[in-house]
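Engineer: Take a look at the following structure, please.
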Amino acid sequence: MSLLEEPGQFDDDLDRPLLVGYIRRELIATDAQVQEVERRMSLFADTQRFSIGFIFIDKPGIWPPVFESLTGAVRRHEVTAVVLPSLLHFAVLGATHDIKGTFERATGARVLLLDSLKI
């Protein structure tokens, strides 16, 4: 049976809190590893009953626009949580000693760290 043949299968997604991901590309060695992190983020979202939105991938030379897009999307779309591979993906921004707390207070979204989650 194809996915399109199952009526109502996506209804549950509309009731789930929204989660997005954020990755600093230069912190991950290969494209295959990026894909694995994206897969783990999706798996985490599914097992924790989140609806996963976009995974923002920041590449060298284009910051701050991707990070700004992330914060804008979190505010605009009532994102509940942002998942990172590790806190280092925010720490490289260098803005504050408590970037996680600062981000959470500014956006209202929780920051979850994939490395510390059991999936």
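Engineer: Would it be correct to say that Leu88 is surrounded by 14 or more Cβ atoms within 10 Å (Cβ to Cβ), of a type in the set (A, V, I, L, M) and farther than 11 Å from Val20 by Cβ? Steps first, please.
Structural biologist: Working: surrounded by 14 or more Cβ atoms within 10 Å (Cβ to Cβ): no; of a type in the set (A, V, I, L, M): yes; farther than 11 Å from Val20 by Cβ: yes.
Answer is no for this residue.
Engineer: Still on this model: Could you tell me how many of the residues in segment 77-114 are more than 27 Å from Asp15 (Cα to Cα), touching a helix residue (DSSP H, G or I) at 6+ places or on another chain (Cβ under 6 Å) and of a type in the set (Ser, Thr, Tyr)?
Structural biologist: The total comes to 2.
Engineer: Among the numbered conditions (1) at pLDDT 90 or above; (2) surrounded by 13 or more Cβ atoms within 10 Å (Cβ to Cβ), tell me where Leu93 comes up short.
Structural biologist: Condition not satisfied by Leu93: (1).
Engineer: Oh, and also: Please go through segment 74-101 and give me each residue that is within 11 Å of the chain's Cα centre (by Cα) and among the aliphatic types (A, V, I, L, M), ordered by number.
Structural biologist: Val74, Val79, Ala81, Val82, Val83, Leu84
Engineer: What is the number of the single condition among (1) under 22 Å from Arg16 (Cβ atoms); (2) modelled with pLDDT under 95; (3) of a type in the set (Phe, Trp, Tyr) that Phe67 does not meet?
Structural biologist: (1)
Engineer: Listed residues Ala32, Ala45; which is in a helix (DSSP H, G or I) and surrounded by fewer than 16 Cβ atoms within 10 Å (Cβ to Cβ)? Even if it seems obvious, please write down each step before you answer.
Structural biologist: Values: Ala45 fails: surrounded by fewer than 16 Cβ atoms within 10 Å (Cβ to Cβ).
The conditions single out Ala32.
Engineer: Can you confirm whether segment 40-48 contains a residue that is in contact with an Asp or Glu (Cβ under 9 Å, 6 or more places away or on another chain) and over 13 Å from Leu18 (Cα atoms)? Explain how you work it out, then say what you get.
Structural biologist: Step one: filter segment 40-48 for residues in contact with an Asp or Glu (Cβ under 9 Å, 6 or more places away or on another chain), giving none.
No; the residues of segment 40-48 include none that is in contact with an Asp or Glu (Cβ under 9 Å, 6 or more places away or on another chain) and over 13 Å from Leu18 (Cα atoms).
Engineer: Is there a residue being farther than 24 Å from Asp15 by Cα, modelled with pLDDT under 95 and either of a type in the set (D, E, K, R) or touching a Lys or Arg at 6+ places or on another chain (Cβ under 7 Å) (or both) anywhere in segment 34-55? I'd like the intermediate steps shown before the answer.
Structural biologist: Step one: of segment 34-55, the residues farther than 24 Å from Asp15 by Cα are 34-37.
The next check asks that each one be modelled with pLDDT under 95; those that pass are none.
Looking for residues that are farther than 24 Å from Asp15 by Cα, modelled with pLDDT under 95 and either of a type in the set (D, E, K, R) or touching a Lys or Arg at 6+ places or on another chain (Cβ under 7 Å) (or both), one finds none in segment 34-55, hence no.
The values are calculated or read from the model by the stated rules, or taken from the named source; none is laboratory data. In this text, all values refer to a predicted model and were calculated from it rather than measured experimentally. Using ideal geometry, Cβ is built from the backbone for each residue, glycine included, and neighbour counts are taken over all protein chains shown.
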